[in-house]
Amino acid sequence: MEYLIDTTTYILQGAGVTVRLFVLTLVFSLPLGFLGAVGKVSRRKSLSVTLGLYTSVVRGTPLLLQLFFVYYGLPLLIPVLRFDRFTAAVVTFIINYAAYFVEIFRGGIQSIERGQYEAAKVLGMNYRQTMVRIVLPQTLKRVLPPVSNEAITLVKDTALVVVLGIGEILRNSKEVVSRDFTITPFVIAGVIYLTLNYGLVWVFGRLERRYQVYE
Amino acid sequence: MSDQHVAGGGHGPAGGVGGADAPGSYSAGGAGAGVPGPEGPAGPHGATGAPAPGSGDPRGQAAASEPAAAPAQGNGDTRSPAAPMIRARNLHKSFGDLEVLKGVDLDVAPGEIVAIIGPSGSGKSTMLRCLIHLEEITRGTVEIEGQAIAREIAGGAELGAGARGRAGSRVVAHAAPAPTATRQEHIPEAVIRRRCRKLGMVFQNFNLFPHKTALGNVIEGLLVVAKLSKSEAIARGEKMLARVGLADKRDVYPAYLSGGQKQRVAIARMLAMEPDIMLFDEPTSALDPELVGEVLAVIKDLAREQMTMVVVTHEMSFARELSDRVVFMDEGRIVEAASPEKLFTNPDHPRIKAFLEKML
């Protein structure tokens, strides 16, 4: 029993790193994704083409490869961009997840009916007012389910940073596994991931219900 | 009667809104200036050496110099108290290869109610949408209370960038030798937006903002565009909702309103912006039959208050009862514009007879 508690405590220390990575990624990639989406639907061709290139490259290559590239590759190309492991992980995750959010939000924005833009226009609103007051609030509601999916995937993707030797949930449990020759730590890790995701689902469920008032 | 093919030709507002002598003088001006659409049906006016399209009204053109200075044009320059609220000339609109409007002329006088009828696909809605710049006009001129939101001007390359501004008089000079060389004047989006604020529009599908309550919908434009304070906006918003009989629905989201209620909220939302002219694009077409009446009642109230209105409608009885003038469109052109009595009982054109027989 004591062994179980000790092991769990140790793995939970790793969970702190996981949660930090998770929160930092979301906090930066969500707004970036939002801005990127607005840029992608804008009439400025150069902007939408550039953003299209970004999302197709990032979404078309493995996150693991991107991790290696940012941590090992970037410093060789541009010496200033030498990050410590955790920063490298955070930067990679933000770049990666922002790309997905750009596409999710873009889809959400484009799902708003033309009539909404027209109603705003006949009221005298300009493009910015229309986006901020009419289109984006409705977009938020529509993108909640896919964003919640991404958030859940993100929790699990954090396990990838084990390859950089960052002490998060998976790495800490692996350590115990190879030290004690037992798979119990893996079970504990699984339970922790499950719990984290259960909490996420609950939060997003609340949000969705709050937005449900108008439909 | 062949010159009746052009809207704005013969018939002034039946209600005589602008004073006793106004409709006559307005009509004369409108007909003389209006006809020269190259592809339009050539009436007697068109044959008299028509000036180039867009330069039809020399007084108007001369005064229309800088876009910002244009306010003088409507009131100051044209003396008639019944100067048109909307003046459209030689309106063309194409979607790709499909030409939906093929040279439409329309004048709407203050207080006048114009009903636009015609078979589906005839360009009625497109014309309405062109008037409020929901569609960019391919060619032609549209003026709202004398201020252009689209203008066809004569001249090719030699007028170039200088055409705007002082070129007004030169436009006329150049027009005679090369009447076909025209192009669209560039008017900045923001200027168009400001001028279009004189217009309101109500859509077939309401287009309420689903994430806002009835009151939220009505005050949105007041807060964002008119920049009223929240309390002022709410006060006016509540008044508007009361006006359409929906004061008790102020905190209800559109999803919980009936079609008729939604459309009344949409009307209240538009009226809150205090437009001079209301455009209705088939306002009852998406409604269950039993809900049509409540929306028409609101529109009738507006008619009593002398609101200038252009209504695209399939409600023939409504058009007949309420409008001062009925415009029949077919295949992108105005076939006939006449008083409801004339058009519904004795139209000039057999196509109209055939259409009305099907509708009534």
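The values are calculated or read from the model by the stated rules, or taken from the named source; none is laboratory data. Given the structure is predicted, the values throughout are model-derived calculations rather than measurements. Because the Cβ atoms are built from the backbone with ideal geometry, glycine has one as well, and the counts that use them run over all protein chains shown.
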Quiz prompt | Odd one out for A:VAL38 among (1) away from every other protein chain (no Cβ under 14 Å); (2) touching a helix residue (DSSP H, G or I) at 6+ places or on another chain (Cβ under 6 Å); (3) surrounded by 17 or more Cβ atoms within 10 Å (Cβ to Cβ); (4) over 26 Å from A:PHE186 (Cβ atoms) | solution = (2)
Self-check item: Tabulated pairs, the range B:180-207, first within 15 Å of B:GLU274 (Cα to Cα) and within 12 Å of chain A (Cβ to nearest Cβ), second acidic (Asp, Glu) and crowded, with 17+ Cβ neighbours inside 10 Å, C-beta under 9 angstrom, 6+ apart or interchain
Solution: B:ARG195/B:GLU143; B:ARG195/B:GLU145; B:LYS198/B:GLU145; B:MET201/A:GLU118; B:MET201/B:ASP281; B:VAL202/B:ASP281
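Quick test for you: out of A:THR92, A:THR153, A:THR130, pick the one residue that is among the hydroxyl-bearing types (Ser, Thr, Tyr), closer than 24 Å to A:GLY52 by Cβ and within 14 Å of chain B (Cβ to nearest Cβ). Walk me through it before giving the result.
Working: A:THR92 fails: within 14 Å of chain B (Cβ to nearest Cβ); A:THR153 fails: within 14 Å of chain B (Cβ to nearest Cβ).
After ruling out the rest, the residue left standing is A:THR130.
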Exercise. Scan the range B:222-262 residue by residue and report those that are touching a residue at least 40 places away in the same chain (Cβ under 8 Å) and farther than 24 Å from B:LYS300 by Cβ.
Key: B:LEU222, B:VAL225, B:ALA226, B:TYR253, B:ALA255
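Would it be correct to say that B:ILE137 is in contact with a strand residue (DSSP E or B) (Cβ under 9 Å, 6 or more places away or on another chain) and modelled with pLDDT of 95 or more?
Values: in contact with a strand residue (DSSP E or B) (Cβ under 9 Å, 6 or more places away or on another chain): yes; modelled with pLDDT of 95 or more: no.
Answer is no for this residue.
Scan the range B:310-348 for residues that are part of a helix (DSSP H, G or I), small (Gly, Ala, Ser) and within 18 Å of B:ILE277 (Cβ to Cβ) and jot them down.
Going through the range B:310-348, the residues part of a helix (DSSP H, G or I) turn out to be B:316-322, B:340-345.
Narrowing the set further to residues that are small (Gly, Ala, Ser) leaves B:317, B:319.
Scanning the range B:310-348 gives a single hit, B:ALA319.
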Quiz item: Counting only residues that are surrounded by fewer than 24 Cβ atoms within 10 Å (Cβ to Cβ) and on the phi > 0 side of the Ramachandran plot, how many does the range B:83-117 have?
Solution: 3
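Working only within the range B:130-151, note down all residues that are part of a loop (DSSP other than H, G, I, E, B) and more than 14 Å from chain A (Cβ to nearest Cβ). Show your work before the answer.
Pass one, the range B:130-151, residues part of a loop (DSSP other than H, G, I, E, B): B:132-138, B:145-146, B:151.
Those that are part of a loop (DSSP other than H, G, I, E, B) and more than 14 Å from chain A (Cβ to nearest Cβ): B:ILE137, B:THR138, B:GLU145, B:GLY146, B:ARG151.
For residues that are under 27 Å from A:PHE34 (Cα atoms) and in contact with a Phe, Trp or Tyr (Cβ under 9 Å, 6 or more places away or on another chain), tally how many sit in the range A:67-84.
The number of residues fulfilling the criteria is 5.
Every residue, every condition in (1) more than 30 Å from A:LEU4 (Cα to Cα); (2) free of Cβ contacts under 8 Å to residues at least 60 places away in the same chain, yes or no:
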residue: A:ARG106; (1), (2): yes, no
residue: A:ILE109; (1), (2): yes, no
residue: A:ARG128; (1), (2): yes, yes
residue: A:PRO137; (1), (2): yes, yes
residue: A:PRO146; (1), (2): yes, yes
residue: A:THR158; (1), (2): no, no
residue: A:VAL161; (1), (2): no, no
residue: A:LEU170; (1), (2): no, no
residue: A:SER178; (1), (2): no, yes
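Looking only at the range B:258-292, how many residues end up being touching a Phe, Trp or Tyr at 6+ places or on another chain (Cβ under 9 Å) and part of a loop (DSSP other than H, G, I, E, B)?
First, pick out the residues of the range B:258-292 that are touching a Phe, Trp or Tyr at 6+ places or on another chain (Cβ under 9 Å): B:259, B:262-263, B:265-267, B:269, B:280-284, B:286, B:292.
Applying the additional criterion that residues be part of a loop (DSSP other than H, G, I, E, B) yields B:282-284, B:286.
Qualifying residue count, the range B:258-292: 4.
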Quiz item: Residues in the range B:210-240 that are within 11 Å of chain A (Cβ to nearest Cβ) and not in a helix (DSSP H, G or I): how many?
Solution: 7
